[in-house]
Amino acid sequence: MEPLSRRDFFVSAVAVGGASAVTACLDRTEDTVPRGTESPEDLPRRQHAWDDHAATDSHGNVELPRHHVLLHLDLREDAGEDAPRDVEDSFRTLERAYDWSHEGLLFTVGYSHSYFDSVDAESPVPEPEPLADFESPDLDGYDAVVHLASDHPAAVVEAEEALKGGVDEANGVEVEDTLEDVFRFPERRTGFVGAGLPADHQDVDGVPDSEPVPEDSPLYMGFKSGFRENQAGEDKVTIDEGRFEGGTTQQISSMSIDLVQWYEQDTRWQREAKMFCPAHADEDRVEGVGDNLGTEPMTDDCKGEEAVREHAREYGTVGHSEKMTRVRDEDDDPLMIRRDFNSTDGGRAGLHFLAVQESIDDFVETREAMNAADIAGDTAVGARTNNGILQYLDVRSRANYVLPPREKRALPDWR
Ligand code: HEM
């Protein structure tokens, strides 16, 4: 793990961004970032092919890259017929500059309903909608989003600047093409995930002054997530036919997290019960941040509809994770891959919940299982209270995108 002062500096640099953040990051590190490839055919066809190129923990769970940028894009009205070439060449620059891995750069570009409207094509993804009675998120109307991720903070900020035309070189590779003539850059969001990073950024709204986030937690709420058995495989989330065959869909919801009650009034029992399941809490099954759970955090007594209903009756509380075990495909696998990360955007503790799945309907079904509106009300489980972790989250925005296969990633269906 990096020492605290370095971690603190780098997260702030990513949050601020810009060419000066690139220089500051490069000045503070001697790490070398592995160079990418001159042969695009070496790269996976799927933009979302990250799992085999990511780090893993000692159990084989995929660990996401530690630093993230979401660069939102709006098409310029005057983008011309060369636009697809400019876009493709800009992304090729990143692939030449950085190895396709957590040590280099993993990235995707996705297009929204509003993009397809503006090129007069049918959208493969619906417009975003609120997904619970108690939320009123902004519905993002951006045309596209680039997700940049790396263990090296310098790589994400430099890659972003390479796309925006703020640097001449990226990892020693000359930047000749940029997105500047094609897109405006209306908003960026940033974040981090991984042991030590949330604990270093507790001085934000939503986290009590007692600085309760455990030093080894990868996320603000104090537990590990993304266990292998609870994530879909990349084959499962890949669109298997039609115009975007080989691609996937991406949903991004940005939410704030309020941890005052979580850490100052709730007990360890309640935190374990609400995050995993009450039987876990009764039997103290979760040690620390949950590394002892291996690759499968749920046990048979916490899986499926009956178990969840019984816990609602017996304990008046249901766990976030156990509710999700109710959504499985014909092979008993989850429907989506979660690639979410924490954030200090706007000076608040937050989560950019990013997931990829074959269709946005898969996401909606999973989110409905999280709401558990069918269980709330009959028992002490409320719409948000004692209902997993819903009470601590406030969804501020939602967005849906399609991530085309790599060969179609540059302005699909261009006018
Ligand atoms: C701060 C917010 C959140 C935290 C800290 C969090 C944390 C966790 C943890 C610790 C687990 C259990 C273990 C595992 O990952 O396998 C889990 C499972 C899961 N979470 Fe979250 N989560 C959050 C928000 C969300 C949201 C907004 C969704 C949206 C639907 C979501 C979807 C899921 C799913 C689908 C699973 C379980 C997978 C399965 O068994 O099917 N989570 N989460």
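We did not get these values from a lab; they are worked out from the coordinates using the rules stated. Small disclaimer: the values here were computed from a predicted structure and weren't measured. Don't worry about glycine lacking a Cβ; one is built from the backbone with ideal geometry, like all the others, and counts go over all protein chains shown.
Assorted remarks:
- If the chain linking Ser39 and Asp138 were pulled fully straight, counting 0.36 nm for each residue of separation and taking away their Cα-Cα distance, it would gain 31.6 nm.
- Fewest-first ranking of Phe227, Phe183, using other Cβ atoms within 10 Å as the exposure measure: Phe227, Phe183
- Summarising the overall dimensions of the stretch 312-415 from its C-alpha atoms, the Rg and Dmax are 16.9, 59 angstrom.
- Nearest-0.05 FRET efficiency for Asp89 and Trp414, computed from C-beta distance (R0 25 Å): 0.95
- Under the combined filter of DSSP loop state and at most 16 neighbouring Cβ atoms within 10 Å, the stretch 244-306 retains these GluC sites (Glu not before Pro): Glu245, Glu283, Glu287.
- Placing unit charges on the Cβ atoms only, positive for Lys and Arg and negative for Asp and Glu, gives the chain a dipole magnitude near 680 debye about its Cα centre.
- Secondary-structure-derived ellipticity at 222 nm for the chain, considering helices only, amounts to -7000 deg cm²/dmol, per-run term -39500 (n - 2.57) for DSSP H runs with n ≥ 4.
- Per the Kirkwood formula applied to alpha carbons, the chain shows a radius of gyration over Rh ratio, Rg over Rh, of 0.96.
- Legend: distances between Cα atoms for Lys274/Lys323; Lys224/Lys274; Lys164/Lys408; pairs beyond 19 Å are Lys164/Lys408.
- Between Glu407 and Glu215, the simple spin-label model (points 7 angstrom out along Cα→Cβ) gives 5.2 nm.
- Taking 0.36 nm per residue of separation and subtracting the Cα-Cα distance, full extension of the segment from Glu176 to Leu26 would add 51.9 nm.
- Remark: spin-label model distance Ser58-Thr267 equals 3.0 nm, labels positioned 7 Å along the Cα→Cβ axis.
- The phi torsions of the stretch 389-404, fed into the Karplus equation with coefficients 6.51, -1.76 and 1.60 and a -60° offset, translate into couplings of 10, 4, 4, 9, 10, 10, 6, 9, 7, 9, 7, 10, 9, 9, 9, x Hz, rounded to whole numbers, with Gly and Pro shown as x.
- Extension gain, Asp332 back to Asp120 (0.36 nm per residue minus Cα-Cα distance, nm): 72.5 nm
- Cβ-Cβ FRET estimate between Asp378 and Arg184, R0 fixed at 45 Å, reported to 0.05: 0.35
- Order of Trp269, Trp100 under a 10 Å beta carbon neighbour criterion, fewest first: Trp269, Trp100
- Under a 5 Å amide H cut-off, with hydrogens placed 1.01 Å from N, Thr56 pairs with Glu63 among residues at least 5 apart or on other chains.
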